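Novice: Here it is: the structure, laid out below.
We did not get these values from a lab; they are worked out from the coordinates using the rules stated. Not measured: the values here are computed from a predicted model. FYI the Cβ positions are ideal-geometry reconstructions off the backbone, even for glycines, and counts take in every protein chain you see.
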Amino acid sequence: MFKKIGPGVLVAAAFVGPGTITVCTLAGVHFGYALIWAVLLSILATIILQEMAGRIGVVSQSGLVDVIKKELRVDWIKKLVIIIVLGAILVGNAAYEAGNIGGATLGLEGLFGQGTLASFYPILIGCFAFLLLWFSSYKTLEKVFVGLVAIMGVCFVVSAIITKPSWGEIAKGMFIPSLPEGGLLTVVALIGTTVVPYNLFLHASLAKEKWKSKDELANVKWDTIISIALGGLVSVAILITASAAPIESITNAMDMAKGLEPLFGKAAIYFMGIGLLAAGITSAITAPLAAAYVASSCFGWNDDMKNKKFRLVWFIVLFFGVLSLSFNIKPIEVIQFAQVANGILLPVMAILLLWIVNKKTVMGTHRNTLFQNVLGFLIVGFTIFLGTKSILKVIGLF
């Protein structure tokens, strides 16, 4: 069973980052167990989109951008899509990398305090990510991420269990959707932080690295469902833990751990610190890696992890994140551009995915079934809503 686990673990590790942890924490603190259904909905949408991306990668033995470039016949549309992809993934991942490293830094601060060495935590995390990306192959990264996701899972699930939650209320939050007053924005945030555009590119590229035969498509599906469901379990565990935290004002997971400390002692700090550190590191590695795969496909480079141009891209993204966090640089305009670009990219990619996965010339007999297409169209509609919301928020109309 575990031999079938692969790229899905990296995808799960990528979306269960500091942003997801913070949103799930806020959802639990403000709305209790009521929004667990929104996490489950976001996981279902992610599984469906990521399975399509992984299937395309294995069947075509190409990256997602390569397939799009080949199948889009109208030159100006092809160039427009590539510009959107580059803007959203390269600029976006560089802009958000500081947040990933910041999450890992919070974890280190929870474990080792905010002493004189705390200012060097971002550099330490950046160096760790650099060494792992520089010296690792895909197979090595896969093993490392399985370990990190396992650590995250244990830490956050144990944290949820020790709070002694109400299982009846949890079941109600899972299976009886409700929308508490003021909860709409949190629902949108929960789904938006889980359905991540760059994971589609990452999944397709890694799937073709892992599997070379169409006969292994069952493994792609198994890997996607199990890995992303485990990521969803972590998200739900964080929300459950936050629901029990005796604290009203909260901004991140370490605030929640401090709130639980009087009840459960230092164990709360250690479990949260280790979990947040693992979550930050995984996202800090997958974001530059996805950017490198996208740039390689867009510019026609070799996407070998040892390729100089491939390495240069992930290094720039990683360096920008460390620099921004170390010197408290907040490139607001860059972040806003990235938010708009991602708001456009998510529905565009969902539409292109659905189109490509139904093309006989690409997928042959491995095209979508009618049921898969119905689910796909529903998700496309929702991604259009999410993307529109993201853009309107940036321009101040939401």
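Novice: Let me have the 222 nm mean residue ellipticity of the chain computed from DSSP H runs of 4+ only, each contributing -39500 (n - 2.57), with the sum over all residues rounded to the nearest 500. Please list the in-between numbers first.
Specialist: On the way: 18 runs with 308 residues, N = 398.
For the chain, the value works out to -26000 deg cm²/dmol.
Novice: Under 28 Å Cα-Cα from Lys266, which lysines qualify once same-chain neighbours fewer than 8 residues away are excluded?
Specialist: Straight-distance partners of Lys266: Lys164, Lys258.
Novice: Determine the relative contact order of the chain: mean sequence separation of Cα pairs under 8 Å and six or more apart, normalised by residue count, in whole percent.
Specialist: Working: 638 pairs, mean separation 150.0, N = 398.
In percent, rounded to a whole number, it is 38.
Novice: Here is a follow-up. Once the dipole of the chain is set up with Lys and Arg at +1 and Asp and Glu at -1 on Cβ about the Cα centre, which of Thr105, Gln339, Gly300 lies farthest towards its positive end?
Specialist: Of Thr105, Gln339, Gly300, it is Gly300.
Novice: Given a Förster distance of 45 Å, report the FRET efficiency between Leu312 and Phe371 from their Cβ-Cβ distance, rounded to the nearest 0.05. Don't jump to the answer; show the numbers that get you there.
Specialist: Working: r = 43 Å, r/R0 = 0.96.
In this case the efficiency is close to 0.55.
Novice: Another one. Along Cα→Cβ, 7 Å out, is where each label goes; now give me the distance between the ones at Ile332 and Ser213 in nm to one decimal.
Specialist: Calculated label separation equals 5.7 nm.
Novice: Within 10 Å, count the other beta carbons around each residue, average over each peptide in 93-106, 311-324, 288-301, 63-76, and list them highest first.
Specialist: On the way: 93-106: 25.8, 311-324: 20.4, 288-301: 23.1, 63-76: 17.3.
In decreasing order of mean packing, 93-106, 311-324, 288-301, 63-76 become 93-106, 288-301, 311-324, 63-76.
Novice: Full extension from Trp76 to Phe299: what is 0.36 nm times the residue separation minus their Cα-Cα distance, to one decimal in nm?
Specialist: 78.7 nm
Novice: Within the chain, which complete DSSP H helices have Cα atoms spanning at least 27 Å along the helix axis and a mean Kyte-Doolittle hydropathy of 0.5 or higher?
Specialist: Details: long enough: 36-60 (36 Å, 1.68); 92-112 (30 Å, 0.36); 138-162 (36 Å, 1.80); 217-244 (41 Å, 1.53); 266-299 (50 Å, 1.43); 332-356 (35 Å, 1.89); 370-394 (36 Å, 1.52).
Within the chain the helices that satisfy the rule are 36-60, 138-162, 217-244, 266-299, 332-356, 370-394.
Novice: Quick check: residue separation of Lys221 and Ile351 times 0.36 nm, minus the Cα distance between them. What number comes out in nm? Mind dumping the intermediate values first?
Specialist: On the way: separation 130, 0.36 × 130 = 46.80 nm, distance 2.03 nm.
Using 0.36 nm per residue and subtracting the Cα-Cα distance, I get 44.8 nm.
Novice: I would also like to ask the following. Which entry in [x] 20.4, 58; [y] 20.0, 62; [z] 21.4, 66 is this structure's computed Rg and Dmax of the Cα atoms in Å?
Specialist: Matching entry in [x] 20.4, 58; [y] 20.0, 62; [z] 21.4, 66: [y].
Novice: Cα gyration tensor of segment 307-389, axes a ≥ b ≥ c as square roots of the eigenvalues: rounded (a/c below 1.5), prolate (a/b > b/c) or oblate? Don't skip to the end; give the middle numbers.
Specialist: Numbers: a/c = 4.22, a/b = 1.79, b/c = 2.35.
Because a/c hits 1.5 or more and a/b fails to exceed b/c, segment 307-389 counts as oblate.
Novice: Return the distance in nm (one decimal) between the two label points of a simple spin-label model at Ser178 and Leu124, each offset 7 Å from Cα along Cα→Cβ.
Specialist: Reported label-point gap for Ser178 and Leu124 is 4.3 nm.
Novice: How big is the gap, in Å, between the Cα center of segment 295-355 and the Cα center of segment 151-214?
Specialist: 23
Novice: Then there is this: In nm, to one decimal, how far is the Ile384 label point from the Thr140 one, both placed 7 Å along Cα→Cβ?
Specialist: Spacing of the two 7 Å Cα→Cβ label points: 4.6 nm.
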